[in-house]
Amino acid sequence: MTFVLGLTGSIGMGKSATADLFRKLGVPVHDADATVHRLYRGRAAPLIEKAFPGTVAHDAVDRAKLGAAVLNSPERMQQLEAI
């Protein structure tokens, strides 16, 4: 039997610390934040730049600029999530 558990919460809630405890116990952990950071430095960067010009610098997404471009627009956020 496989059991899948998702850790969610706001900043400073202990998600990373809890994930580290699971890793130390030998439990496989998928870190979605790390995956997104890799995509922002890799294959998603040109797609995001095309959709939101000026949000990529030095081949990596500038998260502050991207946030400013999408956070107050549900339509733009949906566009980003589709990428």
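The values are calculated or read from the model by the stated rules, or taken from the named source; none is laboratory data. None of the values given here were measured: they were computed from a predicted structure. Methodologically, a virtual Cβ is constructed for each residue, glycine included, from the backbone with ideal geometry; neighbour enumeration extends over all protein chains shown. The accessibility values were calculated without ligands, DNA or RNA, using every heavy atom of the protein model including side chains. Shrake-Rupley method; radii C 1.70, N 1.55, O 1.52, S 1.80 Å.
Data table
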quantity: The chain, helix-only ellipticity at 222 nm - DSSP H runs n ≥ 4, -39,500 (n - 2.57), divided by all residues, nearest 500; calculated: -15000 deg cm²/dmol
quantity: Reported label for calculated Cα extents along the principal axes in Å given (1) 43, 27, 25; (2) 33, 27, 23; (3) 43, 26, 21; calculated: (1)
quantity: Spacing of the two label points (7 Å from each Cα toward its C-beta) at M77 and H58, in nm; calculated: 2.9
quantity: Accessible surface of the chain [probe 1.4 Å, protein heavy atoms]: carbon and sulfur percent; calculated: 58
quantity: Length-normalised contact order for the stretch 13-81 - Cα pairs under 8 Å, 6+ apart - percent; calculated: 17
